[in-house]
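Please read the structure below before turning to the comments.
Coordinate-derived values only; no laboratory data. Values in this document were obtained by computation on a predicted structure and should not be read as measured data. Cβ placement follows ideal geometry from the backbone for every residue including glycine, while neighbour counts extend to all protein chains displayed.
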Amino acid sequence: MIGVVIPYYKRRDQLDRCIACLQQQTVPTEIFVRDNTSNNIYFTAAVNEGLRQFLDRPFEYLLVLNQDMYLLPDTVEKMMRFMDTHSQCGIAAPLHLSPQDRRYVMCAGGLEAFPVGKWRHGPLDQFTHDQQVHWADGACLLLRRKMIREIGLLDENFVFIGSDSDYCFTARSRGWQVWVVSSARGVHQGGAASGGAKTSLEIRKIKDMMHFARKWLTGDIYRQLTYPQEQNDPAAIAEILAQMQEAIQQVLTTEM
């Protein structure tokens with residue numbers, strides 16, 4: 001059995017279909033639905049709330065699932081089997097099939113994560129092999145509980161978008177792998193209601209991407225945490241790194 005976390009907002013028809021697909025899985029599931037309809041805490045906090053419900057339970061794997069992702073009956077089992085045989089895989093994801101044409105893959109792992117997400121996509125027959133990827137879409141992620149305990153929950157500085165790619169990057173930085181399992185598949189309807197006024201939501205997305213840039217592109221967040229502001233000089237840091245590299249070379253030369 002696995003625990004399943006579903007952040008839910010308004011579209012009951014999507015949620016009912018999503019749960020119906022889970023009930024047809026060849027692996028039993030226990031489902032936690034975080035209802036954002038009346039108290040919208042958005043994606044990342046909702047996922048974390050659900051993960052906390054299961055972390056002390058005897059589940060080896062936890063599934064994060066969007067309400068508009070409809071898994072084929074053997075999808076969870078296939079991802080679990082893959083992770084059972086790949087001990088360094090901390091995150092597994094299925095192929096996302098188009099609801100208009102199930103022979104077309106909308107998402108087979110992430111390519112660019114900034115400033116907007118871009119994914120591998122194309123005809124289904126192009127995706128015949130399991131693929132290690134930089135990041136996977138948060139609409140369906142199977143997470144190893146051991147990994148979660150090691151690296152922590154999702155970064156709630158990302159409120160609505162970006163926390164999925166960020167989490168994959170964090171996992172990889174700690175030695176875990178992210179894979180797309182080609183035999184595991186689900187139909188991703190897309191267009192799930194996201195809540196809030198359009199303008200405020202777009203602003204929220206931009207702020208999430210600004211945080212992503214400061215964390216992964218410029219390194220500003222880590223420099224500010226590491227050095228006092230007056231010492232936060234990239235040129236000075238580069239000089240220190242060069243001196244350290246020179247010291248390593250001197251030690252190696254002496255030992256030779």
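Here is how the numbers come out for the structure above:
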| item | result |
| --- | --- |
| Ranked Asp74, Asp220, criterion: other C-beta atoms within 10 Å, fewest first | Asp220, Asp74 |
| Span from the the range 54-105 Cα centroid across to the the range 111-185 one, whole angstrom | 11 |
| DSSP beta bridge pairing in the chain, given as percent antiparallel to the nearest 5 | 50 |
| Relative contact order (%) - criterion: Cα under 8 Å, at least six apart; region: the range 1-135 | 22 |
| Long-range HN-HN contacts of Val4 with modeled amide H, under 5 Å | Glu30, Ile31, Phe32, Leu63 |
| Rounded, prolate or oblate (a/c below 1.5 giving rounded, otherwise prolate when a/b exceeds b/c) for the range 198-255 by Cα gyration tensor | prolate |
| The range 1-139 pair-distance distribution - Cα-Cα, 10 Å bins, rounded % | 11, 39, 40, 10, 0 |
| Relative contact order (percent, whole number), the chain, Cα cutoff 8 Å, 6+ residue spacing | 22 |
| Net dipole in debye of the chain [+1 Lys, Arg Cβ; -1 Asp, Glu Cβ; about Cα centre; nearest 20] | 720 |
| Under 10 Å, Cβ to Cβ, from Asn48 - net charge with Lys/Arg +1 and Asp/Glu -1 | -1 |
| Ranking of Phe114, Phe59 by count of other Cβ atoms within 10 Å, fewest first | Phe114, Phe59 |
